[in-house]
Amino acid sequence: MLYSKKVLKHFQNPHNQGVIKDADAVGEAGNLKCGDIMKIYLKIKKQENKKTKKQENVIKDIKFETLGCAAAIAVSSALTDMVKGMTLDEAMGLTKDKIVEELDGLPPIKIHCSMLGLEALRKAISEYKG
Ligand code: FES
């Protein structure tokens, strides 16, 4: 199985790994295929959109904890980098394909791992929106 250089870099030095104790939202997802678990913590701030002057919910901080494989760790690391600073709606629009592209690909057998972080992120956002 061949991982891209980006996947290995994120796996060896994961970004945003850990816990946010006073998180505004937490999402958890499990992978039925392998039994691995992923938790995403969000810190959300209201911020005015300079163009529309409307208040938006923006992801100010994000961390993840996982009992997942190398691919799941690399995906979560990349995903957390990608969504920091996004509005909740933009983050909801992030797709598995965009993350895989950001990592210069994943071995086909590991594509299901990329869904774990995304699912946990979407659950955290849904929880926040109530
Ligand atoms: Fe379980 Fe990758 S094998 S998340």
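The values are calculated or read from the model by the stated rules, or taken from the named source; none is laboratory data. Computed from a predicted structure; not experimentally measured. Every residue, glycine as well, gets a Cβ built from its backbone with ideal geometry; the counts of neighbours run over all protein chains shown. Remember, those area values only see protein heavy atoms, side chains included, never the ligands or the DNA or RNA. Shrake-Rupley method; radii C 1.70, N 1.55, O 1.52, S 1.80 Å.
Does the stretch 1-13 include one or more residues that are under 27 Å from G130 (Cβ atoms) and modelled with pLDDT under 95? Break it down into steps so the answer makes sense when it comes.
First pass over the stretch 1-13, keeping only residues under 27 Å from G130 (Cβ atoms): none.
Checking the stretch 1-13: not a single residue is under 27 Å from G130 (Cβ atoms) and modelled with pLDDT under 95.
Name the helices (runs of 4 or more DSSP H) wholly inside the stretch 44-130 in which the number of residues that are surrounded by fewer than 16 Cβ atoms within 10 Å (Cβ to Cβ) is 3 or more. Break it down stepwise before answering.
On the way: elements: 70-83, 88-92, 96-102, 114-129.
Filter on the stretch 44-130 gives 88-92, 96-102, 114-129.
Could you check V19 against (1) assigned to a strand (DSSP E or B); (2) touching a Phe, Trp or Tyr at 6+ places or on another chain (Cβ under 7 Å) and say which number it fails?
The single condition V19 does not satisfy is (1).
Would you confirm whether or not the stretch 21-32 contains a residue that is under 19 Å from K123 (Cβ atoms), more than 17 Å from the chain's Cα centre (by Cα), within 14 Å of the ligand (Cβ to nearest atom) and open to solvent by less than 90 Å² (accessible area, probe 1.4 Å)?
No, every residue in the stretch 21-32 fails to be under 19 Å from K123 (Cβ atoms), more than 17 Å from the chain's Cα centre (by Cα), within 14 Å of the ligand (Cβ to nearest atom) and open to solvent by less than 90 Å² (accessible area, probe 1.4 Å).
Applying the selection to the stretch 98-128, what residues are away from the ligand (no atom under 16 Å from the Cβ) and polar (S, T, N, Q)?
Listed by number, the list holds a single entry, S126.
How about the stretch 70-97: which of its residues are within 16 Å of the ligand (Cβ to nearest atom), touching a residue at least 24 places away in the same chain (Cβ under 8 Å), out of contact with any Phe, Trp or Tyr (no Cβ under 9 Å at 6 or more places or on another chain) and not β-branched (V, I, T)?
A72, A78
Determine which single condition C113 fails, assuming it passes every other condition in (1) at pLDDT below 90; (2) under 15 Å from Q17 (Cβ atoms).
(2)
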